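Report on the following structure.
The values are calculated or read from the model by the stated rules, or taken from the named source; none is laboratory data. Only a predicted model underlies this, so the values are computations on that prediction, with no experimental measurement involved. Note: ideal-geometry Cβ built from the backbone for every residue, glycine included; neighbour counts use all protein chains shown.
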Amino acid sequence: METNPNAVLRVPPASPADALAYFTGLMTYSTDVSDVHAAAEDEDPGFTLVDTRGDAAWFQGRIPGAVHLPTDDIAARADGLIDPARPVVVYCWGPGCNGAYRAAAAFAAIGYQVKYMMGGFEYWVREGLPVATDAGVERGRPDPLTAPSSGVACDC
């Protein structure tokens, strides 16, 4: 028996049942930009997308159809802007920012079902998805390090 396995297996993988519970659990709290985009193509995606960044970031560019509600304003203004019976998907700048976690916690604290969008606005842009500004909607080219250059689906 090998006493010092490689770094990958030094801590053994979880049982299949534990892995199923863990990974399913992760998906109850999060979604990704590709899935949000695909759902937004429907007439009613079934959730409200909320941009939780500040004003300067919002005016720089945002996801079309998102509601602007900065994190610090959620407790005071959510009830007047967001249907509490509808799930909320929040996003902030990107994976280096925990603003979406703080926003998700703020929504949950006032009784909303909530998920955060992994990758945030950064990965939305990097995947070449549409970005709205006051001048209109533009779509950039996908970054081949984050999305297939031929489209936005990774077929996963």
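Which of (1) in contact with a strand residue (DSSP E or B) (Cβ under 8 Å, 6 or more places away or on another chain); (2) more than 21 Å from D143 (Cβ to Cβ); (3) free of Cβ contacts under 8 Å to residues at least 60 places away in the same chain does Y22 not meet, given it meets every other one?
(1)
Filter region 12-39 down to the residues that are acidic (D, E), surrounded by 13 or more Cβ atoms within 10 Å (Cβ to Cβ) and part of a helix (DSSP H, G or I) and list them by number. Step through it out loud before you land on a result.
Residues of region 12-39 acidic (D, E): 18, 32, 35.
Filter once more, keeping what is surrounded by 13 or more Cβ atoms within 10 Å (Cβ to Cβ): 32, 35.
If the condition is that a residue be acidic (D, E), surrounded by 13 or more Cβ atoms within 10 Å (Cβ to Cβ) and part of a helix (DSSP H, G or I), then D35 is the only one that fits.
Select, from D83, D143, the only residue that is in a loop (DSSP other than H, G, I, E, B) and over 20 Å from D35 (Cα atoms). Walk me through it before giving the result.
On the way: D143 fails: over 20 Å from D35 (Cα atoms).
Exactly one residue qualifies, and that residue is D83.
Within the bounds of region 136-153, is there any residue that is acidic (D, E), more than 23 Å from E43 (Cα to Cα) and over 14 Å from the mean Cα position of the chain (by Cα)?
Narrowing region 136-153 to residues acidic (D, E): 138, 143.
With the extra rule that they be more than 23 Å from E43 (Cα to Cα), the set shrinks to 143.
Now narrow it down to the ones that are over 14 Å from the mean Cα position of the chain (by Cα): 143.
Yes, the conditions are met somewhere in region 136-153.
For (1) of a type in the set (D, E, K, R); (2) touching a residue at least 40 places away in the same chain (Cβ under 8 Å); (3) under 29 Å from P130 (Cα atoms); (4) surrounded by 15 or more Cβ atoms within 10 Å (Cβ to Cβ), each residue gets a yes or a no:
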{"residue": "T3", "(1), (2), (3), (4)": "no, no, no, no"}
{"residue": "L49", "(1), (2), (3), (4)": "no, yes, yes, yes"}
{"residue": "T52", "(1), (2), (3), (4)": "no, yes, yes, yes"}
{"residue": "D72", "(1), (2), (3), (4)": "yes, no, yes, no"}
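Restricting region 86-109 to residues that are part of a helix (DSSP H, G or I) and in contact with a strand residue (DSSP E or B) (Cβ under 8 Å, 6 or more places away or on another chain), which is surrounded by the most Cβ atoms within 10 Å (Cβ to Cβ)? Break it down stepwise before answering.
Taking region 86-109 as the starting set, the residues that turn out to be part of a helix (DSSP H, G or I) are 99-109.
With in contact with a strand residue (DSSP E or B) (Cβ under 8 Å, 6 or more places away or on another chain) added as a condition, the list becomes 100-101, 103-104, 107-108.
On the way: A100: 29, Y101: 15, A103: 25, A104: 27, F107: 27, A108: 13.
Here the residue is A100.
Please work out if Y116 is hydroxyl-bearing (S, T, Y), at pLDDT 95 or above, within 23 Å of T146 (Cα to Cα) and surrounded by 21 or more Cβ atoms within 10 Å (Cβ to Cβ). If you could, list the steps in order and put the result at the bottom.
On the way: hydroxyl-bearing (S, T, Y): yes; at pLDDT 95 or above: yes; within 23 Å of T146 (Cα to Cα): yes; surrounded by 21 or more Cβ atoms within 10 Å (Cβ to Cβ): yes.
So Y116 passes the test.
Just to be sure before I move on: is F23 closer than 19 Å to Y123 by Cα, of a type in the set (A, V, I, L, M, F, W, C) and out of contact with any helix residue (DSSP H, G or I) (no Cβ under 7 Å at 6 or more places or on another chain) in the structure I sent? Show your work before the answer.
Details: closer than 19 Å to Y123 by Cα: no; of a type in the set (A, V, I, L, M, F, W, C): yes; out of contact with any helix residue (DSSP H, G or I) (no Cβ under 7 Å at 6 or more places or on another chain): yes.
No; evaluated as a whole, the condition is false for this residue.
From V131, V137, grab the single residue that is in contact with a helix residue (DSSP H, G or I) (Cβ under 7 Å, 6 or more places away or on another chain), over 15 Å from P70 (Cα atoms), assigned to a strand (DSSP E or B) and in contact (Cβ under 8 Å) with a residue 60 or more places away in the chain. So that I can check it myself, show each step before the final result.
Values: V137 fails: in contact with a helix residue (DSSP H, G or I) (Cβ under 7 Å, 6 or more places away or on another chain).
Sole residue among the options that is in contact with a helix residue (DSSP H, G or I) (Cβ under 7 Å, 6 or more places away or on another chain), over 15 Å from P70 (Cα atoms), assigned to a strand (DSSP E or B) and in contact (Cβ under 8 Å) with a residue 60 or more places away in the chain: V131.
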